[in-house]
1. Can you name the residue in segment 121-134 that is over 12 Å from Leu196 (Cα atoms) and of a type outside the set (A, V, I, L, M, F, W, C) and, of all such residues, is least open to solvent (accessible area, probe 1.4 Å)?
2. Are there any pairs, at least 6 apart or on different chains, whose C-beta atoms fall under 9 Å, with the first in segment 86-101 and within 12 Å of Glu192 (Cα to Cα) and the second among the polar types (S, T, N, Q) and open to solvent by less than 20 Å² (accessible area, probe 1.4 Å), and if so, which?
3. Which residue out of Val137, Val171, Val175 is more than 17 Å from the chain's Cα centre (by Cα), open to solvent by less than 60 Å² (accessible area, probe 1.4 Å) and over 29 Å from Val68 (Cβ atoms)?
4. Look at Arg118 and say whether it is part of a helix (DSSP H, G or I), touching an Asp or Glu at 6+ places or on another chain (Cβ under 7 Å) and more than 17 Å from Ala199 (Cα to Cα).
5. For segment 134-153, enumerate the residues that are out of contact with any Asp or Glu (no Cβ under 8 Å at 6 or more places or on another chain) and either under 12 Å from Leu74 (Cα atoms) or assigned to a strand (DSSP E or B) (or both).
6. May I ask you to say which residue of Ala138, Ala117, Ala157 is without any contact (Cβ under 8 Å) to a residue 40 or more places away in the chain and out of contact with any Pro (no Cβ under 8 Å at 6 or more places or on another chain)?
7. Does segment 151-163 contain at least one residue that is open to solvent by less than 30 Å² (accessible area, probe 1.4 Å) and among the β-branched types (Val, Ile, Thr)?
Amino acid sequence: SDLAAMGARPAWCQATLAAPGSTPLEAVREIQHGLVAAAGSYGCAIAGGDISDTDGPLVLDIAAGGVVEPGRALRRDAGNPGYLLFVTGALGGAAAGLEVLRHGSADDSPNTQAWLARQLQPAARVAEGRALLAAGVACAGDLSDGLLVDAERTASASGCAAELWLDSIPVEPGVRAAFPQRWTELALGGGEDFELLVAVP
């Protein structure tokens with residue numbers, strides 16, 4: 001998502017797995033298969049990594065690198081006063097999915113399934129980042145930490161303030177109705193939606 005937020009094309013990644021010696025080999029194979037599939041979906045090569053023994057819980061660490069045209073990366077500090085803020089998609093779905101995972105739900109509706117997918121199978125907005133760059137946009141960042149936090153980061157880096165209009169926030173379908181007292185918290189503060197926040201003239 002950080003690469004997407006810069007308009008970069010993912011090129012390579014390295015993975016380090018620290019696991020107890022008792023970890024079944026089949027589990028390690030499944031992790032490898034998942035990594036290869038995830039990286040391949042973005043045209044990204046797994047260029048190596050490391051395997052280590054640990055007494056603690058299993059830890060998986062991934063470092064990714066990408067390519068962007070020199071001097072053309074999307075940057076948080078490229079905004080200006082008067083620019084408008086946009087996001088690439090609806091917000092609050094991943095946070096709603098986390099609520100369902102934490103507290104359970106007998107609801108098997110399409111909305112609930114979509115929220116769970118947003119939390120458990122997030123998609124980096126690589127194509128959107130590349131398209132923004134191609135369109136001449138200069139200022140963007142990802143929303144991994146939520147709209148409030150990341151809008152403040154973008155505004156601060158750009159030397160200005162941000163004004164958010166609650167009735168203009170695109171909220172994931174069904175979140176307002178399912179969480180009438182908390183939908184603003186989920187949409188504004190819930191991270192891991194991995195949409196892009198864009199500032200344009």
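The values are calculated or read from the model by the stated rules, or taken from the named source; none is laboratory data. Keep in mind it's a predicted model, so treat the numbers as computed, not measured. Heads up, the Cβs are rebuilt from the backbone with ideal geometry, glycines too, and the neighbour counts pull from every protein chain shown. The area values use the complete protein model at the heavy-atom level, side chains included, leaving out ligands, DNA and RNA. Shrake-Rupley method; radii C 1.70, N 1.55, O 1.52, S 1.80 Å.
1. Applying the filter and picking the extreme gives Pro122.
2. Listed by first residue and then by second, the contacts come to Ala96/Thr112; Gly97/Thr112.
3. Numbers: Val137 fails: over 29 Å from Val68 (Cβ atoms); Val171 fails: more than 17 Å from the chain's Cα centre (by Cα).
Sole residue among the options that is more than 17 Å from the chain's Cα centre (by Cα), open to solvent by less than 60 Å² (accessible area, probe 1.4 Å) and over 29 Å from Val68 (Cβ atoms): Val175.
4. Working: part of a helix (DSSP H, G or I): yes; touching an Asp or Glu at 6+ places or on another chain (Cβ under 7 Å): yes; more than 17 Å from Ala199 (Cα to Cα): yes.
When the stated conditions are applied, Arg118 passes them.
5. Ala134, Ala135, Gly136, Val137, Ala138, Ala140
6. Details: Ala138 fails: without any contact (Cβ under 8 Å) to a residue 40 or more places away in the chain; Ala157 fails: without any contact (Cβ under 8 Å) to a residue 40 or more places away in the chain.
Residue meeting the stated conditions: Ala117.
7. Looking only at segment 151-163, we keep the residues that are open to solvent by less than 30 Å² (accessible area, probe 1.4 Å), and these are 151, 154-155, 158.
Among the residues that remain, those that are also among the β-branched types (Val, Ile, Thr) are: 154.
Yes, some residue in segment 151-163 is open to solvent by less than 30 Å² (accessible area, probe 1.4 Å) and among the β-branched types (Val, Ile, Thr).
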